[in-house]
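Please read the structure below before turning to the comments.
Derivation of every value follows stated rules applied to the coordinates shown; laboratory data play no part. Just so it is clear, the structure is predicted and the values come from calculations on it, not from any experiment. Every residue, glycine as well, gets a Cβ built from its backbone with ideal geometry; the counts of neighbours run over all protein chains shown.
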Amino acid sequence: MPHPHVIALHGGAGVHPTRDYREVEGHLGALVRDCEAQLADGASAIDVVEHAVAAMEASGLYVAGRGSAPNDRGEVECDAAIMDGARMRAGGVCAAVGLVHPIRAARAVLEHTPHVLIAGAGARRLAEEQGLAFVTDSAAHYRLPVGVEAEELLQLDSGLAHGTVGAVALDQQGRLAAATSTGGLLGKRAGRVGDTPITGIGNWADGDIAVSCTGIGEAFIYAGGARDIAARIAYGGANLDESCAAMLAEVARQQGDGGVIAVDRSGAVTMAFNSPGMKRAVAGAGRQPFVGIR
Ligand code: ASP
């Protein structure tokens, strides 16, 4: 019997109450169906989450990849991580400049190095070695994502000035995987790295659960993030909903907000947030596809 494959996506925590997210909804809906079809055809969870995050990076609709905005030095620095729960192997890049697809560089770290996280120029060098695509014209490549206005680049407390994309999946063979990519906080200090590329905080997958986080990275780091959710289930006997809610309560206690998407090995999915909205979608075997913004 194949496992009940499922894919969940997020396009970042934080939604402006009055802005129009129809383009984002359309994109998430089409992408989640495409990913579900790949899983139904037998694709592996790790390939599908990489595909999903790469598509969101390329769209420019979210604060990741093409939608990333410059830091306080005018440079776009991206963070990303990917983890294959079946192999218990992860890869990540941080403060990486000029990568069209940070998630593909993270996958290269997983597949081609013994390391978990490679920063800055080292990530760029690995991407060059692997023949990955580079941004040649920053002004033409980057665009402000949906829901973010230029003046918000200077308002780090606006609750909108950040974003991330992520995907978690369970494939027909019961393998779990997670991938997460971000431009971080808009206008962030150069060199600042948040939770996203840190395996176990912004992104995690093992034999039981896959998790991708979005929100104020510093608060997620203090709260323990994705691995804290896994640990509450493994050691504390909490269920998926309870463990996500408890970790997010700790994020709130740390003066942050945000959300998580998580899937367990039975195919149960949680998409929880304490931010004003989280762009999200889910589809899977025997499930009606769902897209939500607020
Ligand atoms: N977690 C990301 C960061 O702190 C931002 C976000 O998810 O909105 O870099």
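Listing for the model above:
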{"item": "Separation in nanometres of the label points that stand 7 Å from Cα toward Cβ, at Arg294 and Phe134", "result": "4.5"}
{"item": "Gain in span if fully extended, Thr113 to Gln173, counting 0.36 nm per residue against the direct Cα distance", "result": "19.0 nm"}
{"item": "Sequence of Asp79, Asp41, Asp257 once ranked by neighbouring C-beta atoms within 10 Å, starting from the fewest", "result": "Asp41, Asp257, Asp79"}
{"item": "Least to most buried among Phe273, Phe290 (fewest other Cβ within 10 Å first)", "result": "Phe290, Phe273"}
{"item": "Simple spin-label estimate for Glu23 and Ala246 in nanometres, 7 Å along Cα-Cβ", "result": "4.2"}
{"item": "Coil-residue trypsin sites (Lys or Arg not before Pro) of the stretch 56-121, DSSP, other Cβ within 10 Å capped at 15", "result": "Arg73, Arg87"}
{"item": "Residues Thr270, Thr136, Thr180 arranged by fewest to most Cβ contacts within 10 Å", "result": "Thr136, Thr270, Thr180"}
{"item": "Under the span-like rule (Cα at least 18 Å along the axis, Kyte-Doolittle mean at least 0.5), DSSP H helices of the chain", "result": "45-59, 240-253"}
{"item": "Neighbour cut-off at most 15 other Cβ (10 Å), DSSP loop, GluC sites (Glu not before Pro), the stretch 1-98", "result": "Glu75"}
{"item": "Quarter of the Cα convex hull surface for the stretch 160-207, i.e. its orientation-mean projected area (nm²)", "result": "3.8"}
{"item": "Positive dipole terminus of the chain, leading residue within Ala238, Gly187, Val282 (C-beta point charges)", "result": "Ala238"}
{"item": "Solvent-free Debye scattering, log10 I(q)/I(0), computed from the Cα coordinates of the chain at q = 0.09, 0.14, 0.15 Å⁻¹", "result": "-0.35, -0.89, -1.04"}
{"item": "log₁₀ of I(q)/I(0) at q = 0.16, 0.22, 0.23, 0.24 Å⁻¹ - the stretch 1-64, Debye sum with one point per alpha carbon", "result": "-0.56, -0.92, -0.98, -1.04"}
{"item": "Cα centroid separation - the stretch 215-290 against the stretch 28-48, whole Å", "result": "21"}
{"item": "Using distinct alpha-carbon pairs, which all enter the 1/r mean, Kirkwood radius of the stretch 9-110 in Å", "result": "14.7"}
